[in-house]
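What follows is one structure encoded as structure tokens, with my remarks underneath.
Taken together, the values in this text are just the output of simple stated rules run on the coordinates, not laboratory data. Only a predicted model underlies this, so the values are computations on that prediction, with no experimental measurement involved. No Cβ is skipped: glycine too gets one built from the backbone with ideal geometry, and neighbour counts run over all protein chains shown.
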Amino acid sequence: QKAKVTGALLERVPRSLILSELINRMPATVGLLDLSLSTKEIKKKTRAPKSALEKAKQDMQNGAKPGAPELMIEISETEVSLRLIGVAPTDVEVAQFMSDLDKSPMFADLNLEYSQEEKIDRQQVRKFQVAMKLNQDIDLQQFEPTMVKRDLKRNPMSDQVQFGDA
């Protein structure tokens, strides 16, 4: 029981791994403007026992020993949702980003909430918002993070070519 409680208090997926997976699956021409992460508790609907026999059966299913004092701490499940706002030159890059995120076992229930044309710094871009859920059942021992080498010589959102580290 103590291990269950301790395990419920820990993050199942480190936030740094979530961010690296998002960035490494993002095309080089896409930029993130905002990222929000929210966690909500999922309430389990259980029927209250009508008799002592039903209560004993429920306790046995939950791992309690018969006749033991009630020290069971109810551990609720959580759902982690992500919402990101980004910009891209065209809808093609947005679609590519969505496709790459969908291939990741870390994310589920991807939804493009909007994609609209906007002018940022005198340049037409597509501003988009994506909502998704974090797959918390992922086995991090088997998970291989996406590795991407980025050697950009110019700012993809600019018409000016940059040389070296400038």
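Structure above, values below:
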| read-out | value |
| --- | --- |
| Charge context of residue 34, other residues only, Cβ under 11 angstrom, K/R +1, D/E -1 | +2 |
| Those residues of the stretch 88-129 whose amide nitrogen sits under 13 Å from the label point placed on residue 34, 7 Å along Cα→Cβ | 114, 128-129 |
